[in-house]
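The values are calculated or read from the model by the stated rules, or taken from the named source; none is laboratory data. Since we're looking at a predicted model, the values are computed, not measured. Note: ideal-geometry Cβ built from the backbone for every residue, glycine included; neighbour counts use all protein chains shown. Calculation scope for accessible area: heavy atoms of the full protein, side chains included, ligands and nucleic acids excluded. Shrake-Rupley method; radii C 1.70, N 1.55, O 1.52, S 1.80 Å.
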Amino acid sequence: MIKNGLDNPRLRAETFKARFLEAAVVEYNDERVLIKPENLMKMALKFKGAKVIIDHKDVTAENANEIVGYINNIWIGDDGWAWCDFTVNDAEAIDLINRGYSVSCCYVAVTSGSGGTKNAVPYNREVVDIEENDEVTHLAIVENPRYEDAIILKNSIKNKVMNIFKFTSKKETKENSVKELVKLAKENPTILLLDVDFTR
C-alpha cells in the first residue's frame with residue numbers, strides 16, 4: 001500500500017517522466033548483458049503498474065510502506081529509450097528527485113545465448129524479455145543509475161515548467177540529449193529548461 005497521510009504529510013501526488021531503459025550493453029553486478037532494440041518494448045511494458053521505491057530493495061506485503069509510487073505509462077521515445085511516467089506522493093522521494101536523483105530499474109531477465117560482442121564491448125548474455133514478477137520488478141529512485149543517461153523530468157502544470165534533473169553522460173550523448181530538449185522547448189514556448197548542466 002502506498003504511504004498514506006499518517007505516514008506522510010503529502011496527500012497530493014506529483015507526476016514525473018523518466019528515461020529508464022535502453023537497448024544497449026549494460027553492466028549488472030558482475031556481468032554485462034545485451035538488450036536489443038527489437039526486445040526493448042516488450043521488456044519495458046512489463047513495468048507498467050510496477051512500484052516505485054527509494055533505492056533497490058526487496059519489497060513484500062510486510063514492508064509495502066516502502067512503496068512511494070507507481071508507474072502509469074510506458075512508451076519508446078524518439079531517442080530510442082524506454083520512457084515512463086510515474087506518480088509519487090512521498091515527501092522524501094520527491095525531495096531526492098528535486099536534489100538530482102535519477103532512476104534505475106530492477107527485473108528478472110529471460111536470457112538467450114552465451115554472450116558475444118556488441119560495438120567492441122563484450123557481454124555475457126542477451127536479455128530477450130523479463131519475467132512477470134511483481135515482487136522483483138520495480139523502478140528505484142537512486143543517486144547513481146546503472147544507465148548513466150537515465151533522467152527524470154518534472155512536469156508542473158501550474159508553472160508550465162519542465163525541469164531537467166540529471167545529465168551524467170558521455171559528451172556526444174549529452175549533446176544529443178540537450179538538442180532534443182531544446183527542440184522540445186522551441187516547439188512549446190511555454191516550457192522552460194532549468195538546471196541543465198552543459199559543462200559536465
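The single condition from (1) touching a strand residue (DSSP E or B) at 6+ places or on another chain (Cβ under 8 Å); (2) modelled with pLDDT of 95 or more that E38 fails is (1). Scan the stretch 72-80 and tell me whether some residue there is open to solvent by less than 40 Å² (accessible area, probe 1.4 Å), hydrophobic (A, V, I, L, M, F, W, C), touching a Cys at 6+ places or on another chain (Cβ under 8 Å) and without any contact (Cβ under 8 Å) to a residue 40 or more places away in the chain. Checked against the condition, which is being open to solvent by less than 40 Å² (accessible area, probe 1.4 Å), hydrophobic (A, V, I, L, M, F, W, C), touching a Cys at 6+ places or on another chain (Cβ under 8 Å) and without any contact (Cβ under 8 Å) to a residue 40 or more places away in the chain, the stretch 72-80 yields at least one hit. Of the candidates E131, E143, the single residue that is under 13 Å from the mean Cα position of the chain (by Cα), of a type in the set (D, E) and open to solvent by 30 Å² or more (accessible area, probe 1.4 Å) is E143.
Exactly one residue out of R10, R32 is more than 19 Å from I152 (Cα to Cα), in a strand (DSSP E or B), modelled with pLDDT under 95 and open to solvent by 20 Å² or more (accessible area, probe 1.4 Å): that is R32. Which of the residues spanning the stretch 54-71 are out of contact with any Cys (no Cβ under 9 Å at 6 or more places or on another chain) and either part of a loop (DSSP other than H, G, I, E, B) or within 24 Å of R99 (Cα to Cα) (or both)? Within the stretch 54-71, I54, D55, K57, D58, V59, T60, N65, E66, I67, V68, G69, Y70 qualify. For E92, state whether it is surrounded by 13 or more Cβ atoms within 10 Å (Cβ to Cβ), closer than 14 Å to A23 by Cα and among the acidic types (D, E). Criteria not met by E92.
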